[in-house]
Amino acid sequence: MNSSVEVNGGKGVRGREPATGYTDTTTITSPDFTQLAESLPEMIPATELPRLLGGIYSAKYFANLRWMGKGPRSFKLGHKVLYLREDIIVWLKEEVRAFVPSDVAA
């Protein structure tokens, strides 16, 4: 899906007028996770997940989510915490839906 929506009706941050000579063309598009899904292994160790996601989230962030009972489903195999690729993709899509307008994230 390649939907987009204009943010703030063309206004700058917090509804302020943009700087002189600046045109706010910010749009939010719903990302396509196909390429990411194809690049991730089937099972992902918790220690590798931040690197595989490009450093957007830290290992500590995922540890805190696990402790709170939130975030992507995880399981233990021996002493390692693992995630399944499908669970990561589903969780990322839910994260996007939380921040992107509903007409874009559909």
**Request:** Could you list all residues from segment 52-64 that are more than 14 Å from the chain's Cα centre (by Cα) and not polar (S, T, N, Q)?
**Result:** A59, K60, A63
**Request:** Residue by residue through segment 61-101, note down the ones that are touching a residue at least 40 places away in the same chain (Cβ under 8 Å) and farther than 18 Å from L40 by Cβ.
**Result:** V100, P101
**Message:** Quick check on this structure: which one of F33, F62 is at pLDDT 60 or above and touching a Gly at 6+ places or on another chain (Cβ under 7 Å)?
**Reply:** F62
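Conditions tested, residue by residue: (1) among the polar types (S, T, N, Q); (2) closer than 17 Å to P31 by Cβ; (3) surrounded by 10 or more Cβ atoms within 10 Å (Cβ to Cβ).
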{"site": "G55", "(1), (2), (3)": "no, yes, no"}
{"site": "R66", "(1), (2), (3)": "no, no, yes"}
{"site": "S74", "(1), (2), (3)": "yes, no, yes"}
{"site": "V90", "(1), (2), (3)": "no, yes, yes"}
{"site": "E94", "(1), (2), (3)": "no, yes, yes"}
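The values are calculated or read from the model by the stated rules, or taken from the named source; none is laboratory data. Keep in mind that what you see is a predicted model, and the values were worked out from it rather than measured. We place every Cβ from the backbone using ideal geometry, glycine too, and count neighbours over all the protein chains shown.
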